[in-house]
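A quick write-up on the structure given underneath.
Computed from the coordinates by the stated procedures, all read-outs in this text should not be read as laboratory data. Source: prediction; values computed, not measured. Please note: Cβ atoms are built from the backbone with ideal geometry, for glycine as well, and neighbour counts cover all protein chains shown.
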Amino acid sequence: MPSFWEKISVDGQEMDVYTSAPSGSGPFPAVIVSQHGGGVDKFIQTICDRFAEAGFAGVAPDLFHRITEEQLQSSGLTRRELLSDPQTIADINATVDWLQNHPAIDGQRIGITGFCMGGREAWLGAATNSNIKAAVPYYGGNIQAPWGDTTQTPYDLASGIKCPVLFHFGEVDTNPSQDDMRKYDTELTRLGISHQFYTYPGANHAFMDFTTDRYQKEAADASWPRTLEFFSQHLKG
């Protein structure tokens, strides 16, 4: 199972992308793995590797690539707080373009998932790129908040989603909360967007992240097969 880092161009800058691919020559379906606040770290890389084991190319772009140490020190903000939605959309679009032009990838079978802020970006990517054929946000918070140089939230852009959605929620999570889940369900239903929502009893935010004490094995073990089945149905079927 080969894994490697690649550099791709976005708005004249280089962005690192971690890629884990199945054995063989392909072409393979691909899943973009949108990072959490820790960046493209051990957890995100492991998720990419798990996708590769299941027959997908797992691809994680570094959404923090524009942010410098000088910006962090002068602003007093975190990397997540310095993100801007228009730039994130550009990063996701560039990743999709790179995948569609890669000889080992089936460019018509690209999905997206993400965790925490990455769940939000998975929704955002699906809402702004019609080449994405399936989306699986994990406990995506702040979907109703604009980030950076925009007034539109990912929720405002929901009508742009042209693919089925599977969304995983923790029962005791407050962002997204169960009220948020009901609101998203109502909106996606109104828009006629196929979706499945799962809530995991007793689970809080970040229940998938085995590198932290927030990990909840029962919820993680239940959600992952559902994710693989969903992507298999929509990207392999």
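Quick notes on this one:
- The range 23-32, subset out of contact with any helix residue (DSSP H, G or I) (no Cβ under 8 Å at 6 or more places or on another chain) and not hydroxyl-bearing (S, T, Y), residue surrounded by the fewest Cβ atoms within 10 Å (Cβ to Cβ): G24
- Some residue of the range 95-107 being under 19 Å from G160 (Cβ atoms) and surrounded by fewer than 18 Cβ atoms within 10 Å (Cβ to Cβ): yes
For every residue, the table says whether it meets (1) among the charged types (D, E, K, R); (2) on the phi > 0 side of the Ramachandran plot; (3) surrounded by fewer than 22 Cβ atoms within 10 Å (Cβ to Cβ).
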{"site": "A135", "(1), (2), (3)": "no, no, no"}
{"site": "Y139", "(1), (2), (3)": "no, yes, no"}
{"site": "G148", "(1), (2), (3)": "no, yes, yes"}
{"site": "F169", "(1), (2), (3)": "no, no, no"}
{"site": "D180", "(1), (2), (3)": "yes, no, yes"}
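- Residues located in the range 1-32, provided they are under 24 Å from Y138 (Cβ atoms), hydroxyl-bearing (S, T, Y) and outside any strand (DSSP E or B): none
- Residue in the range 33-78 that is surrounded by the fewest Cβ atoms within 10 Å (Cβ to Cβ), counting only those that are assigned to a helix (DSSP H, G or I) and of a type in the set (G, A, S): S74
- Some residue of the range 145-163 being touching a residue at least 12 places away in the same chain (Cβ under 8 Å), assigned to a loop (DSSP other than H, G, I, E, B), within 30 Å of F28 (Cα to Cα) and of a type in the set (D, E, K, R): yes
- When residues of the range 213-227 are limited to those that are touching a residue at least 12 places away in the same chain (Cβ under 8 Å), surrounded by fewer than 19 Cβ atoms within 10 Å (Cβ to Cβ) and not small (G, A, S), the one nearest to E171 (Cα to Cα): E218
- Criterion: outside any helix (DSSP H, G or I) and either without any contact (Cβ under 8 Å) to a residue 12 or more places away in the chain or not aromatic (F, W, Y) (or both) - qualifying residue of Q196, Q233: Q196
- Filter result for T189 (in contact (Cβ under 8 Å) with a residue 12 or more places away in the chain and either surrounded by fewer than 14 Cβ atoms within 10 Å (Cβ to Cβ) or among the hydroxyl-bearing types (S, T, Y) (or both)): no
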